[in-house]
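Heads up: the structure comes next, in structure tokens.
The values are calculated or read from the model by the stated rules, or taken from the named source; none is laboratory data. If you're wondering where the values come from, they're calculated on a predicted model, not measured in any experiment. The protein model used for the area step is the full one, side chains on, heavy atoms only, and it has no ligands, DNA or RNA in it. Shrake-Rupley method; radii C 1.70, N 1.55, O 1.52, S 1.80 Å.
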Amino acid sequence: MERYYHLCRNHQGKVVRITERGGRVHVGRITRVTRDKVFIAPTGGGPRGFGYGYWGGYWGYGAAYGISLGLITGVALAGLFFW
């Protein structure tokens, strides 16, 4: 978890692609990082898609929501996947 904490802190404010252990993929801008969660605001193209976010609020393309750092298996800058 420590590795992903530092990786997410270093990429805060950037659009990333996060993969969970179960294969779920999240695409969004990192808005906040705590010791156990990373919060991203969806930017589209991910499973949360456009429009309203996880808790019903609205921020850009969706409300920020948290992902447990313990579930993360990969973090990559989204720019590497979207040209």
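Number of residues in the range 29-62 that are more than 16 Å from residue 4 (Cα to Cα), open to solvent by less than 20 Å² (accessible area, probe 1.4 Å) and modelled with pLDDT of 75 or more: the value is 2.
The selection criterion, being at positive phi, open to solvent by 40 Å² or more (accessible area, probe 1.4 Å) and either at pLDDT 80 or above or not hydrophobic (A, V, I, L, M, F, W, C) (or both), does not hold for residue 79.
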